[in-house]
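These notes concern the structure reproduced below.
The values are calculated or read from the model by the stated rules, or taken from the named source; none is laboratory data. Nothing here was measured: the structure is a model prediction, and the numbers come from that model. Don't worry about glycine lacking a Cβ; one is built from the backbone with ideal geometry, like all the others, and counts go over all protein chains shown.
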Amino acid sequence: MVIKSVNSDTTLEFREPEGDYCQVHLTAHDHSARKRVFMYRDGADLVSLFRAAAADWRGWSGERRWKSVEGELSVSLETDGLGHITMSVSVADELGDRPDPWCLQTTLTLEAGQLARVARDAERFFAK
């Protein structure tokens, strides 16, 4: 499942579902991160986030958030009410006793017309 920004080459990609885990790749021209994310049952909640955004494609008030159970991936959506959605994404490796934790945060710009496809793609990916 790939979500692409309309303003840049930034992408958020979900790959290799395996049990309660999947690989998450956050990529742009000058930065990238890859993390195996424990999704447990969080995939259904992420699908719900995208479904709700697609249903409210004309816009909503405030920020809509989702975070994986262990906090290594978070997604938030905000709209300007004019058909543009800012998706903020954070991928982190801050758990455990690792000596050098890291976190990459970036934003992707989506158009309201993308939301239905993103919701469908998420449903298919997390149904596996």
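Which one is surrounded by the fewest Cβ atoms within 10 Å (Cβ to Cβ) among residues in the stretch 40-55 that are in contact with a helix residue (DSSP H, G or I) (Cβ under 8 Å, 6 or more places away or on another chain) and more than 16 Å from Gln114 (Cβ to Cβ)? Lay out the reasoning, then the answer.
Taking the stretch 40-55 as the starting set, the residues that turn out to be in contact with a helix residue (DSSP H, G or I) (Cβ under 8 Å, 6 or more places away or on another chain) are 43-44, 46-47, 50-51, 53-54.
Of the ones still in play, those that are also more than 16 Å from Gln114 (Cβ to Cβ) are 43-44.
Numbers: Gly43: 21, Ala44: 14.
For the stretch 40-55, the residue satisfying everything is Ala44.
Could you please let me know if Ala119 is modelled with pLDDT of 95 or more, small (Gly, Ala, Ser) and not in a loop (DSSP other than H, G, I, E, B)?
yes
When you look at Val37, is it of a type in the set (Val, Ile, Thr), within 24 Å of Arg117 (Cβ to Cβ) and crowded, with 18+ Cβ neighbours inside 10 Å, yes or no? Give the derivation first.
Working: of a type in the set (Val, Ile, Thr): yes; within 24 Å of Arg117 (Cβ to Cβ): yes; crowded, with 18+ Cβ neighbours inside 10 Å: yes.
Answer is yes for this residue.
Exactly one condition in (1) without any contact (Cβ under 8 Å) to a residue 24 or more places away in the chain; (2) outside any loop (DSSP other than H, G, I, E, B) is not met by Leu12; state its number.
Of the numbered conditions (1) without any contact (Cβ under 8 Å) to a residue 24 or more places away in the chain; (2) outside any loop (DSSP other than H, G, I, E, B), the odd one out for Leu12 is (1).
Return a yes/no flag: does the stretch 14-22 have any residue that is closer than 20 Å to Leu110 by Cα, surrounded by 15 or more Cβ atoms within 10 Å (Cβ to Cβ) and modelled with pLDDT of 95 or more.
Within the stretch 14-22 (the criterion being closer than 20 Å to Leu110 by Cα, surrounded by 15 or more Cβ atoms within 10 Å (Cβ to Cβ) and modelled with pLDDT of 95 or more), the answer is yes, since at least one residue qualifies.
For residues that are crowded, with 16+ Cβ neighbours inside 10 Å and within 19 Å of Asp30 (Cα to Cα), scanning just the stretch 74-92, find the one that is nearest to the chain's Cα centre (by Cα).
Once the filter is applied, the top-ranked residue is Val89.
Name the one entry in Leu26, Leu104 that is surrounded by 19 or more Cβ atoms within 10 Å (Cβ to Cβ) and in contact (Cβ under 8 Å) with a residue 12 or more places away in the chain. Break it down stepwise before answering.
Working: Leu104 fails: surrounded by 19 or more Cβ atoms within 10 Å (Cβ to Cβ).
Unique residue meeting the criteria: Leu26.
Pull up the stretch 92-111, narrow it to residues that are hydrophobic (A, V, I, L, M, F, W, C) and modelled with pLDDT of 95 or more, then point me to the one that is nearest to Val6 (Cα to Cα).
First, pick out the residues of the stretch 92-111 that are hydrophobic (A, V, I, L, M, F, W, C): 92, 95, 102-104, 108, 110.
Within this subset, residues satisfying the condition of being modelled with pLDDT of 95 or more are 108, 110.
Numbers: Leu108: 8, Leu110: 6 Å.
Out of the qualifying residues, it is Leu110.
For every residue, the table says whether it meets (1) modelled with pLDDT of 95 or more; (2) charged (D, E, K, R); (3) part of a strand (DSSP E or B); (4) on the phi < 0 side of the Ramachandran plot.
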position	(1), (2), (3), (4)
Val37	no, no, yes, yes
Tyr40	no, no, no, no
Arg58	no, yes, no, yes
Ile85	yes, no, yes, yes
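Looking only at the stretch 57-73, count every residue that is buried (at least 16 other Cβ atoms within 10 Å of the Cβ) and either closer than 16 Å to Ala92 by Cα or touching a Ser or Thr at 6+ places or on another chain (Cβ under 7 Å) (or both) and tell me the total.
6
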